[in-house]
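Engineer: The structure follows.
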Amino acid sequence: MADDDAPSDSSLLVIIVDTNPNQRYITEDPKVLTGCLDAVIAFANSHLMQKSRNQLAVIGCHFHKSEYLYPSPGKPLDVRQIDGQYELFTLVEKTIKMRLVNLIKSQPQEERPGESLLAGAMAMALCCIARMRREASPGLRLSSRILIVTGSSDTAAQYINYMNVFFTAQKQQVLIDVCSLDKHLSLLQQGCDITGGLYLKVPSLEGLLQYLLWVFLPEAWERKELVLPGRGRVDYRAACFCHRELLTIGYVCSVCLSVFCKFSPICTTCHTVFKIAGPLPIKPKKKKMKI
């Protein structure tokens, strides 16, 4: 594991690409997804080009499942040099596009697209990072980070899963960067602030590659020497466990720390029964004895 203040021998980058068809920029113009995917592939190849030991993994996140787009499980594709391009870059591009097509075709046609499974994709990324660290050569300084590229709206339905992933990444010293293509994402911004990563809402999709190369390509120790966008104000409101809505003031279970928007005598998470303090008992007045 590498220190953030010193250069590393190798950098592992895990990119999570949100391919949910329910995203607004895809519903308005499906061809935009192709341009965004080309920008992500060019950014991934730029990461591999920085150092010969750099490693890459790409995860596709859909509404029904998440799976690896690169590297491909099993035997890699047989690619040859095209127009003088480096074979590894061609392998990355063809593998990602081929497996993305298979991921989109595997979606159930009769099921309506729901929210993206970003929390599960981040858990897969952390497992990948843990495995690569375990298989790394002794003495190798390996830095790891996760980049999420999404245009989905923020949802509190996966709040617990998000928090588990964020604090696990913080404990493993893994940076989480978020590139929002459409809306402001307060929960993912919390993860960036917790892990020390960067959050950026792209003003225009036409300049996506420029923003990726400028903000997210430098490693953690290099970012301190660059002028990058500030983190701004982070919304740390918690989501209630009953309606999954963000709260400013709520009720907290003293046993399992579950948050609720309304008071309940029984915690729906750990089923603890709370004793409700009733009104103070009124002492009966003493009767005066007649003499």
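The values are calculated or read from the model by the stated rules, or taken from the named source; none is laboratory data. Keep in mind that what you see is a predicted model, and the values were worked out from it rather than measured. Virtual Cβ from ideal backbone geometry, glycine too; neighbours counted across all protein chains shown. For accessibility, only protein heavy atoms count, side chains too; no ligands or nucleic acids. Shrake-Rupley method; radii C 1.70, N 1.55, O 1.52, S 1.80 Å.
Engineer: Relative to the longest principal axis of the chain, what angle (0 to 90°, nearest 10) does the C-alpha long axis of helix 87-105 take?
Structural biologist: The angle comes out at about 50 degrees.
Engineer: So, one more: When only DSSP loop residues count, what chymotrypsin sites (Phe, Trp or Tyr not before Pro) in the range 64-115 have their Cβ near at most 15 other Cβ atoms within 10 Å?
Structural biologist: 86
Engineer: Of all accessible surface on the chain at a 1.4 Å probe, what whole percent is carbon and sulfur?
Structural biologist: Accessible surface attributable to carbon and sulfur in the chain totals 56 percent.
Engineer: Now a separate question. For the range 151-247, what does the equivalent ellipsoid look like in terms of its semi-axes, each the square root of 5 times an eigenvalue of the Cα gyration tensor, given largest first in whole Å?
Structural biologist: Largest first, the range 151-247 gives 24, 17, 10 Å.
Engineer: Same structure again: Which percent, to the nearest 5, of DSSP beta bridges fully inside the chain are antiparallel?
Structural biologist: Counting only bridges with both partners in the chain, antiparallel ones make up about 25 percent.
Engineer: Next question, about the same structure. What is the Cα radius of gyration of the range 237-283 over 2.2 N^0.38 Å, N being its residue count?
Structural biologist: After normalising by residue count via 2.2 N^0.38 Å, the value is 1.37.
Engineer: Which value, in debye to the nearest 20, describes the size of the charge dipole of the chain about its Cα centre when Lys and Arg Cβ atoms bear +1, Asp and Glu Cβ atoms bear -1, and nothing else is charged?
Structural biologist: 2520 debye
Engineer: Which percent of Cα pairs goes in each bin when the distances of the range 1-103 are cut into 10 angstrom slices starting at zero?
Structural biologist: 13, 42, 31, 13, 1
Engineer: For a bin width of 10 Å, list the pair-distance distribution of the chain built from all Cα-Cα distances, rounded to whole %.
Structural biologist: The percentages, shortest bin first, are 6, 24, 31, 20, 9, 4, 2, 2, 2, 1, 0, 0.
Engineer: Only Cα pairs under 8 Å and at least 6 apart count here; give the relative contact order of the range 158-224 as a rounded whole percent.
Structural biologist: Computed over the range 158-224, the figure is 29 percent.
Engineer: At 222 nm, what value in deg cm²/dmol follows for the chain if DSSP H runs of at least 4 each add -39500 (n - 2.57) and the sum is divided by all its residues, to the nearest 500?
Structural biologist: Mean residue ellipticity at 222 nm (helix-derived): -9500 deg cm²/dmol.
Engineer: Taking a probe of 1.4 Å, how large is the accessible area per residue of the range 149-291, in Å²?
Structural biologist: Heavy-atom accessible area per residue stands at 65 Å².
Engineer: Next question, about the same structure. If packing is taken as the mean number of other Cβ atoms within 10 Å per residue, what is the order of 55-65, 12-22, highest first?
Structural biologist: Top to bottom by mean Cβ count within 10 Å: 12-22, 55-65.
Engineer: How big is the range 150-202 by the Kirkwood estimate over distinct Cα pairs, in Å?
Structural biologist: Every distinct Cα pair counted, the radius reaches 11.1 Å.
Engineer: Treat each spin label as a single point 7 Å out from the Cα along the C-beta direction, and report the residue 38 to residue 106 distance in nm.
Structural biologist: 2.7 nm
Engineer: Mind jotting down the three principal axis lengths of the range 67-175 based on Cα atoms? Whole angstrom, largest first.
Structural biologist: Extents along the principal axes: 49, 47, 23 Å.
Engineer: Tell me which of 108, 43, 139 sits at the most positive position along the dipole axis of the chain, charges placed on C-beta atoms (Lys, Arg +1; Asp, Glu -1).
Structural biologist: The Cα lying farthest towards the positive end belongs to 108.
Engineer: Normalising by the residue count of the range 1-148, find the relative contact order in percent from Cα pairs under 8 Å and 6+ residues apart.
Structural biologist: 40 percent
Engineer: Count the net charge of all other residues whose Cβ sits under 15 Å from the Cβ of residue 23, scoring Lys and Arg as +1 and Asp and Glu as -1.
Structural biologist: That sum, taken over residues with Cβ under 15 Å, equals -1.
Engineer: Let me ask something else. Please identify the trypsin sites (Lys or Arg not before Pro) of the range 80-131 that satisfy two criteria: DSSP loop assignment and at most 16 other Cβ atoms within 10 Å. Which are they?
Structural biologist: 80
Engineer: Taking +1 at the Cβ of each Lys and Arg and -1 at the Cβ of each Asp and Glu, which of 11, 258, 95 sits farthest along the dipole of the chain towards its positive end, judged by Cα position relative to the Cα centre?
Structural biologist: 258
Engineer: Here's something else I'd like to know. Which of the GluC sites (Glu not before Pro) across the range 72-164 are loop residues per DSSP, with 11 or fewer other Cβ within 10 Å?
Structural biologist: 110, 111
Engineer: Can I ask one more? Relative contact order for the range 123-184 using alpha-carbon pairs under 8 Å, separation at least 6, rounded to a whole percent?
Structural biologist: In percent, rounded to a whole number, it is 45.
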